[in-house]
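The values are calculated or read from the model by the stated rules, or taken from the named source; none is laboratory data. As the structure is a prediction and not an experimental result, all values here were calculated from the model. When we count neighbours, we look across all protein chains shown, and the Cβ atoms used for this are built from the backbone with ideal geometry, even at glycine. What goes into the accessible areas is simple: the full protein's heavy atoms, side chains included, and nothing from ligands, DNA or RNA. Shrake-Rupley method; radii C 1.70, N 1.55, O 1.52, S 1.80 Å.
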Amino acid sequence: VQLQASGGGLVQPGGSLGLSCTTSGITFNLYTMGWFRQAPGKQRELVATITTDGITNYAGFVEGRFTIFRDNAGSTVTLQMNSLKPEDTAVYFCNANWRVRWNYWGQGTQVTVSS
């Protein structure tokens, strides 16, 4: 199983980034897909999830700034982040979960929001 995240980088406050996660080795349309993040010295936290039916869930700090969507044909999940803030700086991880037991993580991609 592989989850390959890409799209991180350095962006100024107020800017936008799109993170993509391409998967292989799983039956993608069975899995709830999600993005988590971990800032230095902090625990990993949920950012957003999307179920197999396309139902989305966002952490409170997202405040309408981020959108998660999935492409079942391409086995890809994307997180579009707008109006980024310095406190969004973290390593962002892609996650795939099916029935709790089957849970996989990508390698993480760094997002830095700084002027």
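If you stretched the chain out fully between Gln2 and Ser114, how much longer would it get, using 0.36 nm times the residue separation minus the C-alpha to C-alpha distance? Each step should come with its number before you reach the end.
Values: separation 112, 0.36 × 112 = 40.32 nm, distance 3.03 nm.
Answer, rounded to one decimal: 37.3 nm.
What part of the accessible area of the chain, given as a whole %, is carbon or sulfur when the probe is 1.4 angstrom? Present the calculation step by step, with values, prior to reporting the outcome.
Values: 2860 of 6000 Å².
The value for the chain is 48 percent carbon and sulfur by accessible area.
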- [ ] Mind giving me the nanometre distance, one decimal, between the label points for Tyr104 and Asn29, set 7 Å out from Cα along Cα→Cβ?
- [x] 1.7
Open item on the list: Apply the Karplus curve 6.51 cos²θ - 1.76 cosθ + 1.60, θ = phi - 60°, to the phi angles in the range 94-104 and return the couplings in whole Hz, x for Gly and Pro.
Closed with: 8, 9, 10, 9, 9, 6, 6, 5, 8, 9, 10
- [ ] Specify which residue in the list Thr112, Val100, Thr51 is farthest towards the positive end of the charge dipole of the chain, using unit charges on the beta carbon of Lys, Arg (+1) and Asp, Glu (-1), about the Cα centre.
- [x] Val100
TODO: Return a whole-number percent for the relative contact order of the chain, with Cα pairs under 8 Å and 6 or more residues apart as the contact set.
DONE: 36
TODO: Give a residue-ordered list of calculated ³J(HN,Hα) values for the range 78-85 (Karplus: 6.51 cos²θ - 1.76 cosθ + 1.60, θ = phi - 60°; whole Hz; x for Gly, Pro).
DONE: 10, 10, 8, 10, 10, 6, 5, 10
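Extension gain Leu10-Asp53, at 0.36 nm per residue separation less the Cα-Cα distance, in nm? Could the numbers behind the result be given before it?
Working: separation 43, 0.36 × 43 = 15.48 nm, distance 3.26 nm.
Full extension from Leu10 to Asp53 adds 12.2 nm.
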- [ ] Over the chain, give the accessible area per residue in Å² for a 1.4 Å probe, as an integer.
- [x] 52
TODO: Go through the range 1-74 and name the trypsin sites (Lys or Arg not before Pro) that are in a DSSP coil and have 10 or fewer other Cβ atoms within 10 Å of their Cβ.
DONE: Lys42
TODO: Give me the accessible area of Ser24, 1.4 Å probe, in Å² rounded to the nearest 10.
DONE: 50
